[in-house]
Structure formats: structure tokens, C-alpha cells
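Asker: Got a structure for you, written out below as C-alpha cells; questions coming shortly.
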Amino acid sequence: MEGDEIMAKATIEEKQYLVRFRADKESHLKILDQTLCLEKCPDKPCTYFCPGEVYKFEGDRIQVGYEGCHECGSCRIGCPHDNIEWKYPKGGYGVVFRLA
Amino acid sequence: MPEKFDVIVVGAGPAGTSCAYLCAKNGLKVLQIERGEYPGAKNVMGGVLYKQQLEEIIPEFWKEAPIERPIVEQRMWLLDEESAITLGYKGQAWANEENYNNFTILRAKFDQWFAKKAQEQGVTLINETVVDACLVEEGKVIGVRTDRPDGDVYTDVVVLADGVNSLLAKQLGFHEEIEPAQVALTVMEVLNLPAETINERFNLEDGQGCTIEMFGDATKGHLGTAFLYTNKESLNIGVGTTLSSLVNSKMKPYDLLEYVKNHPIVKPLIKGAEEAEYLAHLIPEGGYHAIPKLVGDGVIVAGDAAQLVNGIHREGSNMAMKSGSFAAEAILLAKQTGKYTEEVLDIYREKVYESFIGKDLEKYKDATETLENHPQYLKEYIPMLNRAARTFFTVDGISKQEKQRGIFNMFMERGKIRTVQDMYRAWKVMK
């Protein structure tokens, strides 16, 4: 396959397939107050700056796909309402970078 | 009574492992705690490791460490949408073992190697363990609480080398929550490409490497940089911008990465390369003003946790190693006195501030904020420089003098005073 073709369709889903995640059963990320996201946060920046597209606004709430989290910490710092409780996944769980 | 250690190091990155290595080498009983499956599993960097600071810990480490390529050329591109002003330095001196300056490395491999070297010195390493809190008694840190059953461990001194997010330093009140303008969210990919193809495309001999930093259109004019580094048989390509500019511009970091990969100046270099891994990480960019309290009773903060990164010169892991080494020196001194008080350990803070770390961060202390508040440098001047170069180098029958006049007028269109102010401001924050 030509490199051009690969690049043309490199979506976030495909990028995330390149990453190894060892997901815990429970989330290490928590939206503290969903009504705040719904009513007070028109831009919902977490839904676009999160590099793993962990946060998606569906229906009337933010869905948290913690399984694909890179643990970078951006959501904790970038949430304009400090509305995300952020912990590290339990020891050994979460993202496992294999290369860089 | 549970087991007690002389030193507990939280984190097995460059800062933590440097400190653990030197403490163990000097006879201290060291426990190092890493939350990942192995050291490096959670660690990300663009890929440049400078030689000096690790050489001081392990002489000639590059003979056995898993390095990718010694760097013989550093390029800098000022990108516009379809063009670039290119600058750089290439020298055979850097190709000579004696004079190696820096290397590309892949962190998952490198960090495991480094941690192994520390274990050989006697460090006890526990992986897959999160430190949830420091144990504090009468204002003094006396151990850590891990997420393991019966997970309290006691020590004389704890070294927080737990990375950019350092929740532990924050818990101790050493710093407030980080501001979105003080971190760069960086996403990158490892792209597999055969060594010969890399050598040809980047004009390299076998076993020599090249780094490219990109400014301007690489971040669509937002504060940040993109980079392209050569490994043995792969490339690291990434882009980082301040979290605040991502929030304000509503850009998605992975879309920006695709934009860079498809930039006409970049694309031919990575053509046909196969994506092998995608990674995201925060880089502390707050600089001098963002350095937290570094020392307390029974505790020291080092590396990214201490925000010790020089974003202008992409130096971070070297500062992490140096700060880890300073931490070890301070702990060894404290051991002699038998006291691990803030007063005794304060020698660590002094060493950090008096070394190149403190001096370089002070030199650029206002650079990030100035560039963030004055986006014209990346957004307007870089495109103007590109237009100027194109005008000047295009032969079209117009005299050079007339071209020069045209270029001068283009820069002055912004208003003479404004342009002069911009130049003065840039000189002031970089001088």
C-alpha cells in the first residue's frame, strides 16, 4: 500500500489501535457533575483536546472512554470547570507504551 | 514493624533512576516504585537524550545503552503553508565517539535499561505500583502509601520523580494545579522505515542521526513546535502546543499531527513509513516561574515533577538526570548528618538553581509567556520571512535593491514602531 493512502485515512481510531492498553474494570477518570457539562460548558473542550478522544458528548452527557486514556493529565488541567477527577490507573493498568 | 529504606524514589524515569542509581552506588538502601508494567511503559519524549549528564553517572554508557542514533545534524525549519526557511548545523565532530552530543532513544527500551543498571547497583525496583500519598508525621515525610495491600513503606527521605503531573508534590502543597498555558500537549508517532531509506532521505551515514524542529505552520502558528527525529529503523514525528492554545483554537492534537505529516515539506521524508505507535504526553513548559517548592522535611522533588524543562532548547531528560544526581548528593550529605530536614536537604535546591538548570531556565523565564501573549512571532513573522526569502531568491528581472525595499516595506506594514517593539521584545526574552 502507498504511504499516501495510509496517511489519508489515519483517524484517531486507527491511531488508538497502535497503542496497547491494559484496561481496569473501573474508570480512573470521573466527571464530577454531568449537569455542569450540559448546562455550563458550551464548548466542552475535553471532547477535542483529549489526545485519545476519551471524552465524547453523547445525548445529554459526557461519555468517558477511560480505556483509551494516555494518562497525560490534559483533561484535569484543561477542564474549564475543574470538573474531572483524575487519578492514575491502579498499578500495572492503563496505557503500556512499547516503543518511545 | 514494616521494612524501612534509606531512600524511596517514586518513578523510574531519568530523574528517579539517576537518583536511585547514585544513592545505591554509595551504599544506601533504595526502594524505587514505578506505576507502569515496566520502567518506560508510561514515559514519553520526542527522543533526544543529551550525553553529558548521563556520562557523569555511567561513563561511556552509549557503548551498551540502547541508543538509536548519535545526532550529527540539527535542522530548524520555519514553516509556512507550502514552504520553509531552513537553518541548521551539521558537523563531523558530533559523529566522533569522544564528542557525541546527543542521541535519539526510544524510551520504553532505554528506561528499562537504565533501571536495570540501577538494580545492579542494589536498587530494589517494584513495578505496577502507584504511590497514592506521602506518609506525613508532624510535617515530615516518613514514607509512602502505595496501592498494594499493606502498602505503607517507611524511609528517611522520599524523592518525588513522578513526572509532569506530580500529584504527590501537589498533595504536599508544593505547587498549585498546573495552568493550561504551562504545559504543552504533545502527540507523536513512531513510524517504521528501513535504515537505508532513512540514510538516503536524511543524507546520513550508517549509525548517524538527524533532528528537525519545526516552527510556525507546523502548529498553525500556535505556540509550540513539531519535530522529526531519526531512529535506527524508525522516525519519531510529533507536535506539541500549549494546552491553552488547543483549548482556545479548538484544534484536535491528532488532527494537527496529521496536518504536519501531510505538510508538503514533511511528507516526502515520511512517505511509505508504517505507523507503529501513537503516544501522548504533557511537557512542562512553565519554566522558571513554574518551579515548585523543591525540598521539604524528608522529601525532594526532581525532574519533570519539578518542571525542569527548557522548552526553547528541547532539554528535559538531561535536566531530569542532573536534578536526580543533585538529589542523590543532597541525600548522601544528609545521611552523614543523620538529619533529613528541609534545612539540610536545601543544598539540593541550591545546586539546582546554581547549575545550568536554574541559569538556563532563568534566562528564558519569560519566553513562553511572551510568545503566548504575542502570537505574531509564529503567526505573522514566519510567513513573512518565507515570503521574503521567496521574493529575494526568485529571479524575475526585478533588481535586488528593489526587492530589498519591498521586503523592508512588508515588515514595516505592521507599523514601524510595532515592528521595532516586536524585535526588541524578542531580543529581551531570548538574550
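The values are calculated or read from the model by the stated rules, or taken from the named source; none is laboratory data. Everything quoted here is computed from the prediction, not taken from an experiment. Neighbour counts run over all protein chains shown; Cβ positions are idealised from the backbone, glycine included. SASA here: full protein model, heavy atoms, side chains in, ligands and nucleic acids out. Shrake-Rupley method; radii C 1.70, N 1.55, O 1.52, S 1.80 Å.
Asker: Working carefully through the options A:60, A:43, find the one that is surrounded by fewer than 23 Cβ atoms within 10 Å (Cβ to Cβ), within 12 Å of chain B (Cβ to nearest Cβ) and free of Cβ contacts under 8 Å to residues at least 40 places away in the same chain. Can you show your working first?
Answerer: Working: A:60 fails: within 12 Å of chain B (Cβ to nearest Cβ).
Sole residue among the options that is surrounded by fewer than 23 Cβ atoms within 10 Å (Cβ to Cβ), within 12 Å of chain B (Cβ to nearest Cβ) and free of Cβ contacts under 8 Å to residues at least 40 places away in the same chain: A:43.
Asker: Further question: Check whether at least one residue in the range B:302-315 is at pLDDT 95 or above, buried (at least 24 other Cβ atoms within 10 Å of the Cβ), at positive phi and touching a helix residue (DSSP H, G or I) at 6+ places or on another chain (Cβ under 9 Å), and report yes or no.
Answerer: Checked against the condition, which is being at pLDDT 95 or above, buried (at least 24 other Cβ atoms within 10 Å of the Cβ), at positive phi and touching a helix residue (DSSP H, G or I) at 6+ places or on another chain (Cβ under 9 Å), the range B:302-315 yields at least one hit.
Asker: Within the set of pairs 6+ apart or on separate chains, which have a first residue in the range B:210-221 that is at pLDDT 95 or above, a second that is acidic (Asp, Glu) and open to solvent by 10 Å² or more (accessible area, probe 1.4 Å), and C-beta atoms under 7 Å apart?
Answerer: B:210/B:73; B:216/B:80; B:217/B:80; B:217/B:81
Asker: Check whether at least one residue in the range B:418-426 is more than 28 Å from residue B:218 (Cβ to Cβ), surrounded by 17 or more Cβ atoms within 10 Å (Cβ to Cβ) and touching a helix residue (DSSP H, G or I) at 6+ places or on another chain (Cβ under 9 Å), and report yes or no.
Answerer: Here is the first cut: in the range B:418-426, the ones more than 28 Å from residue B:218 (Cβ to Cβ) are none.
Checking the range B:418-426: not a single residue is more than 28 Å from residue B:218 (Cβ to Cβ), surrounded by 17 or more Cβ atoms within 10 Å (Cβ to Cβ) and touching a helix residue (DSSP H, G or I) at 6+ places or on another chain (Cβ under 9 Å).
Asker: Moving on. Counting only residues that are open to solvent by less than 20 Å² (accessible area, probe 1.4 Å) and over 14 Å from residue B:79 (Cβ atoms), which one in the range B:259-275 is farthest from the chain's Cα centre (by Cα)?
Answerer: B:273
Asker: Residue under question is residue B:296, and the condition is that it be over 29 Å from residue B:383 (Cβ atoms) and within 10 Å of chain A (Cβ to nearest Cβ); does it hold? Explain how you work it out, then say what you get.
Answerer: Working: over 29 Å from residue B:383 (Cβ atoms): yes; within 10 Å of chain A (Cβ to nearest Cβ): no.
Judged against the criteria, residue B:296 is not a match.
Asker: Filter the strands (runs of 3 or more DSSP E) completely within the range B:101-150 down to those with at least 1 residues that are surrounded by fewer than 17 Cβ atoms within 10 Å (Cβ to Cβ).
Answerer: Details: elements: B:102-105, B:124-126, B:131-137, B:140-146.
Answer list for the range B:101-150: B:124-126, B:131-137, B:140-146.
Asker: If a residue counts only when it is within 30 Å of residue A:54 (Cα to Cα) and in contact (Cβ under 8 Å) with a residue 24 or more places away in the chain, which helices (runs of 4 or more DSSP H) contained entirely in the range B:273-392 have at least 3 such residues? Show your work before the answer.
Answerer: Numbers: elements: B:317-337, B:342-354, B:356-363, B:367-373.
Qualifying helices (runs of 4 or more DSSP H): B:367-373.
Asker: Of all residues in the range B:164-173, which are within 9 Å of chain A (Cβ to nearest Cβ) and in a loop (DSSP other than H, G, I, E, B)?
Answerer: Kept after step one, since they are within 9 Å of chain A (Cβ to nearest Cβ), are these residues of the range B:164-173: B:164-165, B:167.
Those that are within 9 Å of chain A (Cβ to nearest Cβ) and in a loop (DSSP other than H, G, I, E, B): B:164, B:165.
Asker: Residues B:217, B:206: which one is charged (D, E, K, R) and buried (at least 24 other Cβ atoms within 10 Å of the Cβ)? Spell out how you get there, then give the answer.
Answerer: On the way: B:206 fails: buried (at least 24 other Cβ atoms within 10 Å of the Cβ).
Going through B:217, B:206 in turn, just one is charged (D, E, K, R) and buried (at least 24 other Cβ atoms within 10 Å of the Cβ): B:217.
Asker: If you don't mind, there's one more thing I want to ask. May I ask you to verify whether residue B:189 is facing another protein chain (nearest Cβ under 8 Å), within 19 Å of residue B:311 (Cα to Cα) and of a type in the set (Asp, Glu)? Before the answer, list the steps.
Answerer: Values: facing another protein chain (nearest Cβ under 8 Å): yes; within 19 Å of residue B:311 (Cα to Cα): no; of a type in the set (Asp, Glu): yes.
So residue B:189 fails the test.
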